[in-house]
Amino acid sequence: MPKFTTPIAPFPASRPRRQRRTAFTRDLVREHHLSASDLIWPVFVHEGAQRIEAVPSMPGVSRLSLDALLPLARECAALGIPAIALFPVIDPSLKTPDGAEALNPDGLVPRIVQALKQQVPGLGVLTDVALDPYTSHGQDGVLDANGRILNDETVAILKQQALVQAAAGVDIVAPSDMMDGRVGAIRQALEAAGLIDTQIMAYSAKYASAFYGPFRDAAESPPQFGDRRTYQMDYANADEALREVALDIDEGADIVMVKPAFGYQDLIWRVKEKFRYPVACYNVSGEYAMVKAAAQNGWLDEKQVVLEMLTGFRRSGADIILTYWAQQAARWLNG
Ligand code: PBG
């Protein structure tokens with residue numbers, strides 16, 4: 001008796017290697033595809049003119065002023081990348097305990113959104129809804145006297161932040177801080193303001209991960225005390241991620257996200273299987289830095305590894321991948 005029932009005839013009637021013999025047949029039977037249209041490019045922005053600052057822990061990534069960003073944004077559009085995600089690096093003199101600069105309609109992010117929507121109208125723009133770039137203590141929320149991160153008080157500010165970004169014309173707001181109830185609060189605020197077309201990409205299952213280390217260098221936003229484990233998820237949990245995703249869908253998210261991506265592909269798969277909803281994953285800074293470092297040492301072939309990694313996210317069920325390799329990968333895929 002055969003141990004497993006297969007839907008194909010047993011060897012030698014079936015010789016699976018026939019499908020792998022030539023490039024054309026491998027092309028024909030390939031199940032999952034990666035293309036530029038699956039990618040979102042996360043980019044660090046700051047004030048200034050022709051200000052381009054390399055991020056040491058993320059070789060190939062720079063913080064950019066608007067004038068330096070515009071040509072690259074046009075290039076993204078030309079490469080077929082649908083959207084870019086803005087991450088601001090805020091001048092330390094503007095940081096306060098309550099992150100009030102996040103609500104400035106003339107602040108860095110709203111100005112860049114307006115310029116991008118005017119000058120590169122075909123390119124989608126996402127903005128991060130979170131306070132950590134704006135708070136003097138680097139946490140994602142406002143604090144009580146004991147340094148606890150307050151949920152509902154923070155959500156009240158996030159609502160206003162999302163409204164400022166949406167009023168500036170952003171296409172997608174992306175709440176990233178894991179406060180409870182933020183997606184519903186933002187959705188209601190947008191509806192009440194008549195901003196019914198603004199999409200919400202929710203960082204639904206965002207884990208407290210050491211793989212964000214290089215991002216915190218890039219954004220100059222590390223927490224000044226403690227860590228983020230009272231709001232970001234424990235990496236030992238998976239069922240909890242499904243509950244977080246369910247809540248965000250009920251609250252009005254258009255797209256849900258799993259973050260990090262590499263090492264969390266079981267979650268991408270489970271979220272896709274359970275909800276059949278648009279799923280994004282974030283190929284985070286630490287995943288980028290590891291591959292870059294190995295490639296720079298000649299230990300890995302960057303192009304081959306990146307295409308394998310990103311295709312793996314698609315195979316796991318991701319519709320959308322945020323990756324610092326977006327432009328490079330699009331060039332590889334188009335070329
Ligand atoms: C903060 C934010 C972080 C990342 C995206 N948005 C850092 C954090 O939560 O600590 C990480 C992205 C990356 O590592 O590439 N709102």
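The values are calculated or read from the model by the stated rules, or taken from the named source; none is laboratory data. Since we're looking at a predicted model, the values are computed, not measured. Positions of Cβ are backbone-derived with ideal geometry, glycine not excepted, and every protein chain shown enters the neighbour counts. Surface areas here come from the heavy atoms of the whole protein model, side chains and all, with no ligands, DNA or RNA. Shrake-Rupley method; radii C 1.70, N 1.55, O 1.52, S 1.80 Å.
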Using amide H atoms built in the peptide plane, which far-off residues or other-chain residues are under 5 Å from Gly263 H to H?
none
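Only bridges whose two residues both fall in segment 35-334 count here: according to DSSP, what percent of them are antiparallel, nearest 5?
On the way: 4 of 37 bridges.
Antiparallel bridges make up about 10 percent of those DSSP assigns within segment 35-334.
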Expected output is a single nm value to one decimal: the length gained when fully extending between Ala167 and Phe275, i.e. 0.36 nm times separation in residues minus the C-alpha distance. What is it?
35.8 nm
Label-zone membership for segment 41-58, site Ser93, 7 angstrom Cα→C-beta point, backbone N under 17 Å:
46-49
Taking r as the C-beta separation of Ala238 and Asp180 and R0 as 30 Å, the FRET efficiency to the nearest 0.05 is 0.95
Once both label points are put 7 Å beyond Cα along the C-beta direction, the Glu153-Ser37 separation in nm becomes 4.7 nm
Can you tell me the convex hull volume per residue for segment 87-211, based on C-alpha atoms, in Å³ to the nearest whole number?
115 Å³
Ignoring ligands, DNA and RNA, what accessible area per residue does the chain give at 1.4 Å, in Å²?
47 Å²
For the chain, which whole-number percentage of the solvent-accessible area (1.4 Å probe, protein heavy atoms only) is attributable to carbon and sulfur atoms?
53 percent
At q = 0.11 Å⁻¹, what is the base-10 log of I(q)/I(0) for the chain according to the Debye formula with one equal point scatterer per Cα and no solvent? Please give it to two decimals.
-0.71
